[in-house]
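Everything below concerns the one structure shown next.
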Amino acid sequence: MRLRLDSETRAYAVLLPTLILLLDPQASSPSAIHSRIVGHLLGLAPQCPAAFRDATATLTPEARTTLETSIRQSIVRQQAASTAEVRKAAPVIALKTFGA
């Protein structure tokens, strides 16, 4: 499959593999650089979705797996953190029984 690469796609095709080299999804706890890069990638994707998608199509299978795993882990961590915050912030109502 041959993709026609415009300038945005070419820029992403150079940038993504470079950033992916710095990701380490196998680490038990993400490093600061890992977290920053995932956040940066999540910010880049919606800026030009077609170019991002086309650039990811040019990645090697290993690089694509690293990218997907890192982003999925980040989203799961964010959801777990927001769920924990909601549980902490939920008001507790004490129920009292009358006449018993």
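The values are calculated or read from the model by the stated rules, or taken from the named source; none is laboratory data. Here the structure is a predicted model, which means the values were calculated and not measured. Cβ atoms come from the backbone with ideal geometry, glycine included; neighbour counts cover every protein chain shown.
Restricting segment 58-78 to residues that are among the hydrophobic types (A, V, I, L, M, F, W, C) and part of a helix (DSSP H, G or I) leaves a set whose member that is farthest from Y12 (Cα to Cα) is V76.
Of all residue pairs spaced 6 or more apart or on separate chains, those with beta-carbon atoms under 9 Å, a first member in segment 1-30 that is part of a helix (DSSP H, G or I) and a second member that is modelled with pLDDT under 90 are T9/L3; A13/L5.
Looking across segment 25-51, just one residue is within 17 Å of E62 (Cα to Cα), at pLDDT below 90 and surrounded by 12 or more Cβ atoms within 10 Å (Cβ to Cβ), and that is P25. When segment 61-72 is limited to residues that are in contact (Cβ under 8 Å) with a residue 40 or more places away in the chain and touching a helix residue (DSSP H, G or I) at 6+ places or on another chain (Cβ under 8 Å), the one that is surrounded by the fewest Cβ atoms within 10 Å (Cβ to Cβ) turns out to be A63.
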